[in-house]
Structure formats: structure tokens, C-alpha cells
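Asks: I am attaching a structure below and will ask some questions about it afterwards.
The values are calculated or read from the model by the stated rules, or taken from the named source; none is laboratory data. What you see is a predicted model, and the numbers here were worked out from it, not measured in a lab. Here the Cβ is made from the backbone with ideal geometry for all residues, glycine too, and neighbour counts use every protein chain on show.
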Amino acid sequence: MAFRESAEETYQLLDSGGRRKLEQCGRHRLIRPAPQAVWRPALDPAEWRAEAEYLRSSSGGGDWRGDLPEEWPVTHAGRRFVARPTGFGHIGFFAEQADTWNWIGDLCRRAGEPLEVLNLFAYTGGSTLASAAAGARVCHVDAAAGVVKWARRNARENGLEEAPIRWICDEALKFCRREARRGRRYHLIILDPPSFGRGPKGEVFKIESDLPPLLEVCGELLAPDACGFALSAHSPGFSPLVLNALAEDLCGSRGGTIAAAEMVIAASAGGRTLPSGARALWSAF
């Protein structure tokens, strides 16, 4: 059964500072690391109370301290997610992607006909949901089988279980090279690569060395009548200027416009807004 949307199930950044962020994630209040938040919190220390906090270990990884259920419903930017506390400190969606999801939905609707969309490093499917809800045919690719299963659950929770979505568990570059050999083409390609990742067969992805060849293949996969390309990153050094240059290399000869910006999570009244990565969006319109 799909989650019923309610005010009690929404996501909100309450404050940030002291290298942490305070979040209301549905019915549960969390504290998680935010290394970029080197300023002082805006809210009184008494407001910084939470049911659970994720604490990083000096040896890598980390642990949740507190009491949280195995999963719970959260609505953000009009989309429903199954939230879960993971061993990496994630909860199942990246709130800073909300503007990108809205851009994707608008682009798909403006096209006037169903687009072919490729979503790489697709995680739990925020961009997939935005595309499919706007009528697109989506190829959702992630290297972790459990995460692909999680994304399919999110699709069901949004009433998209019958939407034309191909669910693929594979390493992004290998998959894209196969698609290029098959002659497949896409109208919109979406990438949110990690700094470091592993494929289902142990393949290693490092953004500095592996993103450029992946983008070259993406250039082959963009259809002649392609209308969009979205690239985002959370890696140090991958600023809006860097992503803008990469988007220009890929799409500049096609005309249209590129908009590059810092991704942020706006805080509720009294809190501090949190910068959270960068993005570059190319639109042919």
C-alpha cells in the first residue's frame, strides 16, 4: 500500500553548523555529519536534540546512536521515499536534488512526447520518479542490487509500479558501452556519480579518472534530438564551474543553455541553509 502524504511525513532541514546538520525526517529527528558546515549553528543548543545521530569512525564508516525504526515514510519535493538508516549515514534520498528533480519533470513534460531517459548512479530513484511521473521511459542503472530493489519499492510507493522503467544492476561505464554498441540513444541522460564506488563484480569507479571516459560514451548515447543532460557531484573540487565545463564539452555544440549552480538544502525559519554539492543542467529548449 502506498504511503499517505501528510505534514508529519515531510523532510525539513532545521539547522546546520559545527560540521553537523539537524533534520526532521518525517516523524524522526536526526543529526548527521556535514563537514562543510564549519560555521556555528543558528539555533539554540537546546534545539539540537534528536532521536538518533550518525557518528563517523576515525577508521572509516560509522554508527547510528539512538533509536530508529528499520524504515519509515518520508515525503520530499512531492515524492514519497522509504527512508532507512544505512551504515554509510545515508537515509535513502538526497534532499539537495529536489530542484534537479523538478527540472527533470518540467523538461519531460515540455517535450510533448515520451522521452527516453537514462539515469546513471540512480540510487533509490529520485530522478527516475521525476522522469516516469512526467511520462518518460526510463532506464534506471545502479551498481548495487539492494539499492535497485529499494528504488523499485519507491516507485511502487509513488504509484509508478507499472511505469515503463528498466531496472538495471550494472557498472555504469560497462553498461553504457554495451548500449552504444546496441545503437541505443537517449533524449535525457542524468548522472550523479560518487567520489568512489564499486560495481557488482568489484569494478572500481573513481570520479577523477573514470568520469571523463564515461562522459565520452554518454556523448555517443545522446540522441540527435536530445533535449537534456544533468550532471551533479558531491566530490571536493567538482565545483559548478568544473561541471559547467564538462557539460559544455558534451553538449556545447548542440546549442541550448547550460545552468550550473551550487546545490543547497534550504533550512526552515531560523536555521542555516546548507551547501551540498554542485550541478550543471543542459537544456535544448
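Asks: Out of P73, P69, P85, which single residue is assigned to a strand (DSSP E or B) and at pLDDT 95 or above?
Replies: P73
Asks: Next question. Does the range 145-155 contain any residue that is part of a loop (DSSP other than H, G, I, E, B) and not polar (S, T, N, Q)? Working first, answer last.
Replies: Residues of the range 145-155 that are part of a loop (DSSP other than H, G, I, E, B), as a first pass: none.
No, there is no match, as no residue in the range 145-155 is part of a loop (DSSP other than H, G, I, E, B) and not polar (S, T, N, Q).
Asks: Taking the stated definitions as given, is G87 surrounded by fewer than 19 Cβ atoms within 10 Å (Cβ to Cβ) and under 23 Å from S276 (Cα atoms)?
Replies: Answer is yes for this residue.
Asks: Quick one: is I207 under 30 Å from R110 (Cβ atoms), of a type in the set (V, I, T) and surrounded by 18 or more Cβ atoms within 10 Å (Cβ to Cβ)?
Replies: Taking the combined requirement at face value, the residue does not satisfy it.
Asks: Residues in the range 48-66 that are modelled with pLDDT under 95 and under 28 Å from R156 (Cα atoms): how many?
Replies: Total meeting the criteria: 0.
Asks: Let me ask you something else. For G125, are the conditions met, namely being of a type in the set (G, A, S), out of contact with any helix residue (DSSP H, G or I) (no Cβ under 7 Å at 6 or more places or on another chain) and on the phi > 0 side of the Ramachandran plot?
Replies: no
Asks: Could I ask something else about it? Pairs under 9 Å by beta carbon, first residue within 22 Å of D225 (Cβ to Cβ) in the range 174-188, partner assigned to a helix (DSSP H, G or I) and among the β-branched types (V, I, T), six or more apart or different chains?
Replies: C176/V217; E179/V217; A180/V217; L188/I104
Asks: Residues that are at pLDDT 95 or above: which strands (runs of 3 or more DSSP E) entirely in the range 178-285 hold 1 or more of them?
Replies: Numbers: elements: 188-191, 196-198, 204-206, 228-233, 257-265, 274-283.
The qualifying strands (runs of 3 or more DSSP E) are 188-191, 228-233, 257-265, 274-283.
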